[in-house]
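Engineer: Dropping a structure here in structure tokens format, bear with me for questions.
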Amino acid sequence: MENRNFYNEILTEHNMRPEFKHELPDANIVLEGKNPNCGDDIFLKLKVEDGVITDGAFTGDGCAISSASADIMLGMIIGKTKEEALQLGELFLKMIKGEASDEEIDRLEEASALKDIAHMPARVKCAVLGWHTLKEALKDQ
């Protein structure tokens, strides 16, 4: 139970005090992500230079899980190449599906706080909204 409380603290912190929820005027990739099931609507904003994500932010409205997940994701991908960010996204989705090993989950750092979402099907789309938006944003870059 202590572990679950730790994960809840991570999600609460990222929801209440998101580091990356702000405007990013010099973003060169902006993509809207929507979850029609619950009304989550975010705008993912990335600054990509020479194949590296040098800055990122999100704006919009979303539930606690989608906001925390997007904030955690941005903290993980800034400074990474597009390929590295997409690999992290694939690993995150693998974790959500319950298919990731403990070692793979450890590589996701704070994002591993969302691993139990797999047991809450109605919330899975909330957790993956930012990650799916990232994949769409980078696929044609």
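Engineer: Out of 95, 73, 126, whose Cα points farthest toward the positive end of the dipole of the chain (charges: +1 Lys, Arg; -1 Asp, Glu; placed on Cβ)?
Structural biologist: Sorting the options by dipole projection puts first 126.
Engineer: Relative contact order (percent) for the range 2-139, with alpha-carbon contacts under 8 angstrom and 6 or more residues of separation?
Structural biologist: Values: 224 pairs, mean separation 35.5, N = 138.
Relative contact order of the range 2-139: 26 percent.
Engineer: Please state the shape class of the range 3-122: rounded when a/c is under 1.5, otherwise prolate if a/b exceeds b/c and oblate if not, all from the C-alpha gyration tensor.
Structural biologist: oblate
Engineer: Excluding residue 57 itself, what net charge comes from residues whose Cβ is under 14 Å from its Cβ, given Lys and Arg +1 and Asp and Glu -1? If you can, show how the numbers build up before the last one.
Structural biologist: Working: positive: 21, 45, 47; negative: 19, 23, 26, 32, 55, 71.
Taking every Cβ under 14 Å from that of residue 57, the sum is -3.
Engineer: Might you report the magnitude of the Cβ-based charge dipole of the chain about its Cα centre, with Lys and Arg at +1 and Asp and Glu at -1, to the nearest 20 debye?
Structural biologist: Numbers: 16 positive and 27 negative charges, 88 e Å.
For this selection, approximately 420 debye.
Bear in mind these aren't lab numbers, they're just calculated from the coordinates by the rules spelled out. Everything numeric here is computed off the predicted structure, so don't read it as measured data. Don't worry about glycine lacking a Cβ; one is built from the backbone with ideal geometry, like all the others, and counts go over all protein chains shown.
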